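The values are calculated or read from the model by the stated rules, or taken from the named source; none is laboratory data. All of these numbers come straight from a predicted model, not from anything done at the bench. Every residue, glycine among them, receives a Cβ derived from its backbone with ideal geometry; neighbour counts consider all protein chains shown.
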Amino acid sequence: MNRRKFINQGLLGSSGIILAEQILGVRQTFAAWLENVVIPVRESNDFSKLRNEYLLSSNIIYLNHASIGTIPRAVQRARRQYLDICETNPWFYIWGGGWEEGREETRAKAAELLHCAPGEMVLTHNTTEGFNLLAQGLQLGKGDEVVFSSLNHPGASVCWFHEARKKGFKVAKFDFPVSDAADMSKQEILDLYDRHISKKTRVLVFPHVDNIIGLRHPAKELTALARSRGVEFVAVDGAQTAGMIPADMKEMDVDFYACSPHKWVQAPKGLGLLYIKKDVQQSVKPMWVTWGQERWKGSARIFEDYGTRNLPEVLTLGDAIDFQNRLGDRLKQERYEQLWQYTSTRVEHNEELVWRSPKSWSLASSVYAVEVKGKKSSELARRLFEGHGIVVRPFSTAGLNTLRISPNLFNTEAEIDKLCEVLIAAAKG
Ligand SMILES: Cc1ncc(COP(=O)(O)O)c(C=O)c1O
């Protein structure tokens with residue numbers, strides 16, 4: 001951070017400078033903590049040490065990062081310090097340049113994460129808010145159609161039905177053949193969507209990675225398909241992607257991309273991101289309205305809420321992104337693939353277990369679904385947690401009876417072995 005520029009932002013004279021100096025102090029300490037994080041080396045497979053960087057209880061095997069992530073210790077410490085600074089003089093909150101400057105830094109880091117411009121990045125609270133903003137803000141009416149599949153999460157679906165009732169457009173939701181998804185090719189996925197797009201389709205919605213079987217949709221190709229069929233807007237749910245799998249807005253060419261960084265970016269809960277492409281911003285009406293908002297015309301900032309926000313938390317999101325950057329995309333991609341390969345092979349070699357997720361890494365992610373033949377997934381999930389401290393999520397939707405396993409980098413092969421052992425014992429028992 002540029003120290004002079006930062007301090008000059010303070011509008012409270014010497015008091016503002018004190019605030020800015022305090023925040024800067026946390027930033028500098030945080031940078032030093034980051035330097036001390038021991039980055040695992042893939043070849044030596046020492047990822048378990050990375051777990052020490054987190055507060056996770058030693059009694060649990062946490063394989064549910066797709067529901068909610070855990071914040072690294074360094075990020076959590078910085079977060080506590082921001083919150084403490086804030087409470088020393090809450091009045092600074094309103095006029096202190098330190099918080100405002102920090103928010104814009106977070107926006108810039110989020111834009112870098114998603115490969116877009118800061119003026120295309122809305123700081124929301126979660127993916128659900130992002131989709132509500134779109135469903136309310138897009139000018140849709142009679143004769144228009146919004147298309148998505150049954151793999152779409154409710155957070156990216158319910159708002160469209162609600163708005164459709166008010167405005168008269170149609171929601172064309174189709175069944176994704178989830179039980180056959182493991183063997184589907186990229187072309188079959190594209191053909192499926194192609195069959196459900198019509199001349200009336202104005203919006204296509206899909207999850208980049210869905211939350212049930214972790215199918216990595218071919219986002220770039222799906223967007224190109226939608227455009228070739230005359231679809232005006234492509235809105236993508238990136239809740240399960242940001243921080244786990246690279247997401248490049250320019251390359252995918254989508255119009256909207258909503259995220260929940262509390263999952264794979266390991267940021268504080270209740271902070272979200274929404275990308276709105278510059279060219280389509282004028283097609284969306286802000287969901288929140290308040291005084292002075294006009295000054296943000298021409299920037300995604302106009303879509304943000306203007307009530308009081310938890311700015312110390314927003315600053316922490318920037319630090320969480322820094323932590324992920326310190327780990328590096330290459331290491332993350334290699335490790336996620338390695339764990340996926342290990343688990344899928346382990347599952348496929350046991351006749352009691354069935355792999356329900358895509359069988360090629362290019363269509364898969366660190367979210368996978370496993371069925372235990374003849375056993376109810378909800379009962380198994382309870383048994384895993386109560387008997388062994390293993391946290392996974394059961395699913396019985398879309399005709400499935402699966403456990404969702406969603407490891408992070410620091411989960412180990414030994415933990416996967418333990419999970420499989422318990423499941424096999426349960427199947428035989
Ligand atoms: C694919 C997907 N979309 C949307 C959501 C909703 O996210 P949030 O509750 O943060 O709005 C989730 C949450 O698990 C999800 O997995």
**Study point:** Of all residues in region 151-182 being within 16 Å of the ligand (Cβ to nearest atom) and not hydrophobic (A, V, I, L, M, F, W, C), the one that is surrounded by the fewest Cβ atoms within 10 Å (Cβ to Cβ)
**Key:** PRO154
Review point. Within region 69-100, how many residues turn out to be within 20 Å of ALA31 (Cβ to Cβ) and part of a helix (DSSP H, G or I)?
Key: 15
Check your understanding: Taking GLU129, is it over 23 Å from LEU222 (Cβ atoms) and under 15 Å from the mean Cα position of the chain (by Cα)?
Key -> yes
Practice item. With respect to GLU413, determine if the residue is among the acidic types (Asp, Glu) and either in contact with a Leu (Cβ under 7 Å, 6 or more places away or on another chain) or under 23 Å from GLY69 (Cβ atoms) (or both). Key: yes
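Yes/no per residue for (1) of a type outside the set (Asp, Glu); (2) touching a Lys or Arg at 6+ places or on another chain (Cβ under 9 Å):
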site: LEU311; (1), (2): yes, yes
site: ASP319; (1), (2): no, yes
site: ARG346; (1), (2): yes, no
site: HIS349; (1), (2): yes, no
site: TRP355; (1), (2): yes, no
site: TRP361; (1), (2): yes, yes
Point to revise | Hits in region 77-106 (condition: free of Cβ contacts under 8 Å to residues at least 60 places away in the same chain and either under 29 Å from THR241 (Cβ atoms) or within 16 Å of the ligand (Cβ to nearest atom) (or both)) | key: ARG77, ARG80, GLU104
Review point. Somewhere in region 118-141, is a residue outside any helix (DSSP H, G or I), small (Gly, Ala, Ser) and within 16 Å of the ligand (Cβ to nearest atom)?
Key: no
Practice item. Determine whether region 329-350 contains at least one residue that is closer than 17 Å to HIS65 by Cβ and not in a helix (DSSP H, G or I). Key: no
Exercise for review: Answer yes or no as to whether LEU225 is under 26 Å from LYS170 (Cβ atoms) and within 13 Å of the ligand (Cβ to nearest atom).
Suggested key: no
Check your understanding: Since PHE148 meets every condition but one in (1) part of a strand (DSSP E or B); (2) away from the ligand (no atom under 16 Å from the Cβ), which condition does it not meet?
Key -> (2)
Practice item. Filter region 48-68 down to the residues that are assigned to a loop (DSSP other than H, G, I, E, B) and buried (at least 19 other Cβ atoms within 10 Å of the Cβ), then identify the one that is nearest to the chain's Cα centre (by Cα). Key: ALA66
Exercise for review: Restrict the check to region 96-118 and report whether at least one residue is over 21 Å from ARG326 (Cβ atoms), modelled with pLDDT of 95 or more and β-branched (Val, Ile, Thr).
Suggested key: no
Check your understanding: Any idea which of LEU317, LEU273 is under 16 Å from TYR82 (Cα atoms) and either within 16 Å of the ligand (Cβ to nearest atom) or in a helix (DSSP H, G or I) (or both)?
Key -> LEU317
Point to revise | Unmet requirement for LEU190, which otherwise passes all of (1) crowded, with 21+ Cβ neighbours inside 10 Å; (2) out of contact with any strand residue (DSSP E or B) (no Cβ under 8 Å at 6 or more places or on another chain); (3) without any contact (Cβ under 8 Å) to a residue 60 or more places away in the chain; (4) of a type outside the set (Asp, Glu) | key: (1)
